[in-house]
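First comes the structure, then the notes that go with it.
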DNA sequence: TTGTAAGCGTTATCAC
DNA sequence: GTGATAACGCTTACAA
């Protein structure tokens with residue numbers, strides 16, 4: 001079949017090419033009757049605008065880029081997967097498509113920005129895994145490239161739009177749940193201080209304990225993420241606790257293993273509600289990833305229109321109850 | 001900074017725009033000395049071709065589309081994630097970028113093809129989750145849209161390029177491993193007949209048994225994928241077996257649970273080497289996903305150049321040994 | 001309200 | 001081997 005362009009549509013509707021373009025971009029400027037005629041021609045011919053041609057004129061590609069990370073320890077990798085799906089889903093109705101890229105570190109990622117921006121005219125970026133001293137955000141901000149982050153700007157000023165999950169609220173809810181079940185000696189397994197996410201998760205636990213009038217001192221351990229480190233730390237902690245809140249499902253899994261080995265009854269709650277949690281019946285804090293992705297697109301739309309100012313959104317996680325802490 | 005186009009480069013190198021274009025696209029036609037001069041100008045100015053402009057002329061976007069599926073039961077979802085990462089990684093050096101889309105069924109996916117093809121001029125598609133009576137491949141083939149599938153064309157003729165993992169070889173290796181460990185009553189937990197992948201996995205198990213002179217009749221069960229169905233089927237099968245090969249990690253997980261409940265010692269091997277397998281120490285058959293992704297890009301490059309004919313690649317999975325079948 | 005004309009950056013064709 | 005010219009499909013002044 002021959003290519004359908006704006007000219008084909010114009011012919012069929014008996015108007016000029018310009019009028020068709022107006023119907024597409026500024027419909028309010030075209031008389032209703034003409035507009036309808038053009039719209040009919042568009043659907044009848046199955047016309048679709050050529051992004052390339054439009055992009056040449058406008059400099060906008062209607063493309064959003066996201067980095068796809070390697071499935072790290074494998075357990076938490078699925079978090080990004082769900083986020084990506086949500087992002088792609090939410091972007092489509094807004095007229096945007098999602099493009100992937102990979103990078104091994106922040107500098108490599110910035111090099112990719114340059115290519116993506118100059119060669120493909122990317123409209124915006126969605127950054128994940130924000131961290132302290134993140135050079136990516138400042139690079140993008142300096143060049144006035146639109147972006148939002150999933151994860152707040154740890155330590156840096158709130159000058160851009162971001163969406164994040166209230167990590168502290170998640171562990172706080174988990175701890176309260178354990179308190180409600182009668183547990184009084186509740187420990188925490190987390191990561192070394194310094195990672196914003198990890199610190200927030202620890203804070204939530206400490207807050208819940210202190211508002212229940214219970215001490216938290218000495219009841220937490222900081223280790224690298226992973227099942228084995230989790231098991232080691234749990235073994236150390238188990239004699240003094242009867243419940244554990246963990247900063248990740250990996251750590252929680254380690255805790256479960258240690259508890260089984262020591263034959264010590266201990267409630268355990270993980271974080272991220274990954275497939276593993278579902279598989280082994282681990283109670284876990286679940287992040288609203290689809291919602292987060294949709295909000296990222298919302299904020300991005302605001303940034304791209306320059307209509308809205310920068311905004312920050314903190315979403316609430318929920319507790320998914322399973323056997324390890326029913 | 002002002003926009004750098006081939007005109008800027010041409011000025012700087014003291015040649016015409018066309019010569020710059022020649023250096024980019026058909027370097028062998030340009031005299032070495034001129035070529036070098038142009039190349040220097042390109043790097044000095046940090047010039048990059050505008051994909052949009054190139055695309056307008058050539059009709060090719062250097063974009064490849066892949067569908068991102070929702071994390072189904074959550075356990076096997078990470079398979080696609082790893083594949084996607086590999087695909088993005090392999091596409092970049094070949095000069096291609098990966099675009100995502102979602103779809104709820106085959107028809108919806110075809111509607112998306114239309115949009116992606118006409119609006120974005122997509123160069124090719126990578127299809128995953130091929131199945132019997134797949135309408136997507138015929139739709140694309142009819143319109144001569146380049147594509148490769150990760151998964152062979154079940155039931156359909158081999159008219160396009162595809163990459164697949166030898167599922168039968170995976171379960172056969174798993175079964176042989178169990179035979180080598182002295183097991184003689186080896187059962188199989190799989191899906192109802194009809195899914196190509198599922199049937200192949202069952203075949204591998206049956207083949208290994210029969211070539212060891214052992215009967216397989218009555219030692220398999222077909223259920224829906226999932227932990228609970230797996231546990232139910234395993235409970236039924238356990239009295240007659242001391243080892244189980246499973247079509248998925250989910251089923252294997254169910255089998256493990258059933259074995260524990262019945263306090264029946266039973267070796268278990270899963271399929272896909274998902275995060276869960278790693279977490280619970282489940283021996284599992286691992287698909288070479290990164291390799292598969294890279295081969296998909298290779299084949300696609302051939303299809304896009306029209307240089308190579310269609311080819312089919314069957315990759316070998318490997319067995320990852322863990323506690324459940326050491 | 002509608003039409004005309006120019007130009008976005010590239011590559012293909014064809015002279016030189 | 002190199003350079004001029006046209007064309008890809010669209011949008012944005014500006015003119016009618």
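The values are calculated or read from the model by the stated rules, or taken from the named source; none is laboratory data. Bear in mind that the values here come from a model prediction, so they are computed numbers and not experimental data. Ideal geometry is used to build each Cβ from the backbone, glycine not excepted, and the neighbour counts take in all protein chains shown.
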Checking residue A:145 against (1) more than 23 Å from residue A:321 (Cα to Cα); (2) buried (at least 17 other Cβ atoms within 10 Å of the Cβ), which test does it fail?
(2)
Which numbered condition residue A:63 misses (of (1) surrounded by fewer than 15 Cβ atoms within 10 Å (Cβ to Cβ); (2) within 13 Å of chain B (Cβ to nearest Cβ))
(1)
Looking only at region A:100-115, how many residues end up being at the interface with chain B (Cβ under 9 Å from one of its Cβ atoms) and surrounded by fewer than 21 Cβ atoms within 10 Å (Cβ to Cβ)?
3
Taking region A:76-117 as the region of interest, how many residues are within 23 Å of residue A:138 (Cβ to Cβ) and out of contact with any helix residue (DSSP H, G or I) (no Cβ under 8 Å at 6 or more places or on another chain)?
9
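Going by the conditions given, is residue B:52 within 26 Å of residue A:51 (Cβ to Cβ), near DNA strand D (Cβ under 10 Å from one of its atoms) and surrounded by 20 or more Cβ atoms within 10 Å (Cβ to Cβ)?
yes
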For region B:126-142, which positions are crowded, with 20+ Cβ neighbours inside 10 Å and within 14 Å of chain A (Cβ to nearest Cβ)?
B:126
Reported set for region A:71-84 where residues are at pLDDT 85 or above and facing chain B (nearest Cβ under 9 Å) is A:80, A:81, A:82, A:84
Among the residues of region B:32-49, which ones are surrounded by 15 or more Cβ atoms within 10 Å (Cβ to Cβ) and either without any contact (Cβ under 8 Å) to a residue 24 or more places away in the chain or near DNA strand D (Cβ under 8 Å from one of its atoms) (or both)?
B:34, B:35, B:39
Does residue A:88 satisfy the condition of being within 15 Å of DNA strand C (Cβ to nearest atom) and on the phi < 0 side of the Ramachandran plot?
no
Residue under evaluation residue B:35, criteria (1) at pLDDT 90 or above; (2) farther than 20 Å from residue B:92 by Cα; (3) within 12 Å of DNA strand C (Cβ to nearest atom); (4) touching a helix residue (DSSP H, G or I) at 6+ places or on another chain (Cβ under 9 Å), criterion not met:
(3)
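Residue-wise test of (1) more than 16 Å from DNA strand C (Cβ to nearest atom); (2) under 18 Å from the mean Cα position of the chain (by Cα); (3) modelled with pLDDT of 95 or more; (4) closer than 30 Å to residue B:279 by Cα.
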{"residue": "A:2", "(1), (2), (3), (4)": "yes, no, no, no"}
{"residue": "A:56", "(1), (2), (3), (4)": "no, no, no, no"}
{"residue": "A:59", "(1), (2), (3), (4)": "no, no, no, no"}
{"residue": "A:69", "(1), (2), (3), (4)": "yes, yes, no, yes"}
{"residue": "A:95", "(1), (2), (3), (4)": "yes, no, no, no"}
{"residue": "A:106", "(1), (2), (3), (4)": "yes, yes, no, yes"}
Checking the condition surrounded by fewer than 16 Cβ atoms within 10 Å (Cβ to Cβ), free of Cβ contacts under 8 Å to residues at least 40 places away in the same chain, more than 13 Å from chain A (Cβ to nearest Cβ) and within 11 Å of DNA strand C (Cβ to nearest atom), which residue from B:20, B:29 passes?
B:29
Within region A:206-289, helices (runs of 4 or more DSSP H) holding 2 or more residues that are away from chain B (no Cβ under 14 Å) and over 12 Å from residue A:190 (Cβ atoms):
A:227-237, A:249-262
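Hey, can you tell me all the residues within region B:12-24 that are away from DNA strand D (no atom under 11 Å from the Cβ) and more than 13 Å from residue B:48 (Cα to Cα)?
Residue satisfying the conditions is B:12 alone.
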Being more than 10 Å from DNA strand C (Cβ to nearest atom) and surrounded by fewer than 17 Cβ atoms within 10 Å (Cβ to Cβ) is the filter; apply it to region A:7-17 and report the residue that is nearest to the other protein chains (Cβ to nearest Cβ).
A:7
Check off (1) facing chain A (nearest Cβ under 10 Å); (2) under 30 Å from residue B:163 (Cβ atoms) for residue B:50 and give me the number that stays unchecked.
(2)
